[in-house]
Amino acid sequence: MMTLEDIPDVMIIEHESFTLPWTENAFRSEMTNNHFAKYLMMEHEGQSIGYAGMWTVVDEAHITNIAVRKAYRGQHLGEKLMRELMKLAGQLGMLRMTLEARVSNQVAQSLYEKLGFHPVGLRQGYYSDNNEDALIMWCDLPEELTSLHGEANEWE
């Protein structure tokens, strides 16, 4: 799980990954004030190389962000992060997940569809950097994940 000590590494990943990166204060607030927020860190040889986060509300998980360091992209690590996040959601009793993806981000949409997400609508002008629309995607978590409710998570 992400800790406050991970935030400097997260900021490097954030700035490599997004045109509108979250601030350090935003992550600090997520970690200290938002009891619905859950974040995973991915490490390789002691170096933080990726992270993923979600909010859990009743029985639904909303993916807030997922990112991998530039040097490690193209190795299916984003997929691994997503699968771990889905597993954690199941362990926490979530039944469904949702996320937004830029309509232009076909790579992300393909990954999400591979994992069972399907488009259900648009959020017009969602991204403030260029007013791009967001594709809203949902998936029902597979029963084998939701039946893990309460089991220990190896990433904790």
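Note on segment 1-62: with charges restricted to the Cβ of Lys and Arg (+1) and Asp and Glu (-1), its dipole about the Cα centre is near 180 debye. Modelled spin-label separation between R73 and R123, with each label point placed 7 Å from Cα along the Cα-to-Cβ direction: 2.1 nm.
For the chain, the per residue solvent-accessible surface stands at 54 Å², with DNA, RNA and ligands left out and a 1.4 Å probe. Any chance you could count the Lys pairs in segment 1-138 whose alpha carbons are under 18 Å apart, treating pairs 8 or more apart or on different chains as valid? Count of close lysine pairs: 5. Counting 0.36 nm for each residue step from T3 to S104 and taking away their Cα separation leaves a gain of 33.2 nm.
Charging the Cβ of each Asp and Glu at -1 and of each Lys and Arg at +1, and nothing else, the dipole of the chain about its Cα centre rounds to 320 debye. Surface composition of the chain: carbon and sulfur atoms hold 50% of the protein heavy-atom accessible area at a 1.4 Å probe. Backbone N atoms of segment 120-140 closer than 17 Å to the 7 Å Cα→Cβ label point of R96 belong to residues 120-123, 135-140.
Highest-first packing order for the peptide set 79-86, 53-60, 27-34 is 79-86, 53-60, 27-34, based on the mean count of other beta carbon atoms within 10 Å.
Note on E24 and E43: the model spin-label points, each 7 Å out from Cα along the C-beta direction, lie 2.1 nm apart.
Selection among Q91, F18, V58 by position relative to the dipole of the chain gives F18 as farthest towards the positive end (Cβ unit charges, Cα centre). Taking every C-alpha pair closer than 8 Å and separated by at least 6 residues, the mean separation divided by the residue count of segment 1-119 gives a relative contact order of 20 percent. Mean residue ellipticity, 222 nm, helices only, the chain: the sum of -39500 (n - 2.57) across DSSP H runs of n ≥ 4, divided by residue count and rounded to 500, is -9000 deg cm²/dmol.
The values are calculated or read from the model by the stated rules, or taken from the named source; none is laboratory data. Just so it is clear, the model here is predicted, and its values are computed rather than measured. Methodologically, a virtual Cβ is constructed for each residue, glycine included, from the backbone with ideal geometry; neighbour enumeration extends over all protein chains shown. Keep in mind that these areas ignore ligands, DNA and RNA; they rest on the heavy atoms of the full protein, side chains included. Shrake-Rupley method; radii C 1.70, N 1.55, O 1.52, S 1.80 Å.
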